[in-house]
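Engineer: This is the structure I have questions about; it appears just below.
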Amino acid sequence: MVPRFTLEKVLDRAEEVARDVAAPAAAETDRDARWPEAALRALQDAELGGLVVPEEHGGLGHGLVAVARVGEVLGKACTSTALCFGMHCVGAAVIAAKATAEQAAAYLEPIAAGRHLTTLALSEPGSGSHFWLPETTLARSPDGWVVDGRKTFVTNGGRADSYVISTVAADPGAPPGEFSCLVVPADAPGLAWGPEWRGIGMRGNSSRSVTLQEVHLPPESLLGAEGEQMWFVFQVVAPYFLVAMAGAYLGAAQAALDEARLHLVERTYTHDGSRLAANPVLQHRFGELWARIEATRQLLHWAAEQGDTGGATAVPALCSAKADVAECATHVINEAMTLVGGIGYREGEAMERRLRDARAAHVMAPTTDILRLWTGRAVLGEHLLGD
Ligand SMILES: Cc1cc2nc3c(=O)[nH]c(=O)nc-3n(C[C@H](O)[C@H](O)[C@H](O)COP(=O)(O)OP(=O)(O)OC[C@H]3O[C@@H](n4cnc5c(N)ncnc54)[C@H](O)[C@@H]3O)c2cc1C
């Protein structure tokens, strides 16, 4: 079936928003740690809010490839915007995976219509980067569910219209691994937001902690069946999160390389008329960076395709893609800064922002070390989470 928006049309629209809205605001978004609302609303207005929502619910019905490609387009302009939009797409994909008719009407249709922003709230202070091990509890109540716990680093925190959360069964007698995912509306009584977390980079994502105290939710808040959180984490959350983040940081790396290229091409010395682009050492260095990005991009696109088509190597490919992007982005941006010389090292320049932003790629779970571990385990046929 031909999608309502081809991938080319999706990318054209994302390019427009990136160029006209996200890029001009990127410096302020970073300096003032401002949530990139204008860019996110522009993406919704461009009908991209429902990028991963199935077409039967009014969305565009795209998958991992589109999320990775849009992430790169946005990441080139403003990595915070790419992160915020990416987390919206991950949340939307989780809701869509097993949506009931009620959930489709309450969440997917407004998301597709550009009226609803969602996001993912998995991380917790206790389990840190082991985001698949929530301690937030889920108990049954006469009117549905009661949730108690705390989530940290919630991107789009306090701004989104809903939050996709993970929980563990409150009943101490529940079988181990009895985790569940729910969608929580922003106006649910019992949500208390902490102050914004301020990173050295990725400063415009409104990343905040939230306490959920006796949050009563109706039965239809449960996504899938009780105890299905692990399915969601590994079948939906991880693949979408990995490609969204990989795309975003790859975009930051490409933007740095583009800037280095421009400097090498334009810089001509007055003392002898020589050009930096004609210098063999710099040609060699630039060539290495170009190849590094291209190889990483091919891995990401192939991994996303594997994920979309259920390929046999999807798991190690997706894990490796995000790990490779994290290493590629920090390396390329660091080296590009050197190629741009004193201008690149100047405070408040885009290169400085990209370098700070890129460091988050390693920290955001699944972290690079964990992804390398999972890749090895997957290829060796071992259990991903160990024995
Ligand atoms: C900008 C930003 C945005 C974020 N947005 C979201 C969001 O929207 N939703 C969300 O749920 N979370 C989000 N997070 C949280 C993120 O995904 C991580 O969970 C969190 O940053 C890491 O938790 P921690 O600081 O407790 O690290 P720790 O758990 O203390 O880990 C510290 C280091 O130890 C390493 N480590 C830990 N265990 C092992 C192991 N077994 N083997 C090898 N290495 C190990 C980790 O890889 C890491 O490098 C965000 C984080 C950042 C920085």
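Engineer: When the label point is put 7 Å from the Cα of GLU55 along its Cα-to-beta-carbon vector, which residues of the stretch 1-43 have a backbone N closer than 13 Å?
Structural biologist: 1-7
Engineer: Work through the residues other than GLU266 whose Cβ is under 15 Å from its Cβ and net out their charges, Lys, Arg +1 and Asp, Glu -1. Intermediate values should be presented prior to the final figure.
Structural biologist: Numbers: positive: ARG261, ARG267, ARG275; negative: ASP258, GLU259.
Here the charged neighbours net out to +1.
Engineer: While we're here: Once the piece of chain linking ALA139 and ASP20 is laid out straight, how much longer is it, given 0.36 nm per residue of separation minus the C-alpha distance between them?
Structural biologist: Working: separation 119, 0.36 × 119 = 42.84 nm, distance 4.67 nm.
This chain segment gains 38.2 nm when fully extended.
Engineer: I would also like to ask the following. Using each residue's phi in the stretch 365-381, evaluate 6.51 cos²θ - 1.76 cosθ + 1.60 at θ = phi - 60° and report the 3J(HN,Hα) Karplus result to the nearest Hz, with x for Gly and Pro.
Structural biologist: Coupling constants for the stretch 365-381: 6, x, 6, 4, 4, 5, 5, 5, 4, 5, 4, x, 4, 4, 6, 7, x Hz.
Engineer: With labels modelled as points extended 7 Å from the Cα through the Cβ direction, what inter-label distance (nm, one decimal) is found for ARG115 paired with TRP290?
Structural biologist: 4.9 nm
Engineer: Measuring from label point to label point, each 7 Å out along Cα→Cβ, what is the THR309 to THR100 span in nm?
Structural biologist: 3.6 nm
Engineer: Hey, what number do you get for the chain at 222 nm if only DSSP H runs of n ≥ 4 count, each worth -39500 (n - 2.57), divided across all residues, to the nearest 500? Each step should come with its number before you reach the end.
Structural biologist: Working: 13 runs with 186 residues, N = 387.
Calculated from helices alone, the mean residue ellipticity at 222 nm is -15500 deg cm²/dmol.
Engineer: Compare the peptides 100-106, 231-237, 354-360, 118-124 by average per-residue count of other Cβ atoms within 10 angstrom and give them in order, highest first. Could you put the intermediate results ahead of the total?
Structural biologist: Working: 100-106: 14.9, 231-237: 19.7, 354-360: 24.0, 118-124: 26.1.
Highest mean packing first, the order is 118-124, 354-360, 231-237, 100-106.
Engineer: Here is a follow-up. Under 5 Å between amide hydrogens, which residues at least 5 positions from GLY194 or on another chain qualify, with H placed 1.01 Å from N in the peptide plane?
Structural biologist: Sorted by chain and number, the residues that satisfy this are SER209, VAL210, THR211.
Engineer: In nanometres, what is the gap between the two model label sites at SER274 and THR6, each 7 Å from Cα along Cα-to-Cβ?
Structural biologist: For the pair SER274/THR6, the computed spacing is 4.8 nm.
Engineer: Would you work out which of ALA113, GLY273, HIS216 lies farthest towards the positive end of the dipole of the chain, given +1 charges on the beta-carbon of Lys and Arg and -1 on that of Asp and Glu, about the Cα centre?
Structural biologist: GLY273
Engineer: What relative contact order, as a whole-number percentage, does the stretch 197-343 give when Cα pairs under 8 Å and 6 or more residues apart are counted?
Structural biologist: Values: 111 pairs, mean separation 43.3, N = 147.
Computed value for the stretch 197-343: 29 percent relative contact order.
Engineer: In addition: Quick one: 3J(HN,Hα) in Hz for the stretch 144-161, Karplus 6.51/-1.76/1.60 with θ = phi - 60°, rounded, Gly and Pro as x.
Structural biologist: Karplus-based 3J(HN,Hα) across the stretch 144-161 equals x, 9, 10, 10, 9, x, 9, 10, 10, 6, 7, 5, 6, x, x, 10, 6, 8 Hz.
Engineer: Across all directions of projection, what mean area in square nanometres is found for the Cα convex hull of the chain? Before the final figure, lay out the partial values.
Structural biologist: Numbers: hull surface 79.2 nm².
Projected over every direction and averaged, the Cα hull of the chain covers 19.8 nm².
Engineer: For LYS98, which aspartates and glutamates qualify as cross-link partners when the Cα separation must be under 14 Å and same-chain residues fewer than eight apart are set aside?
Structural biologist: Answer for LYS98, where 14 Å is the Cα cut-off: GLU56, GLU220, GLU226, GLU228, listed by chain and number.
Read-outs throughout are calculated quantities, based only on the coordinates presented, and are distinct from any laboratory measurement. All values derive from a computational prediction rather than experimental measurement. In this analysis, Cβ positions are derived from the backbone assuming ideal geometry, glycine residues included, and neighbour counts consider all displayed protein chains.
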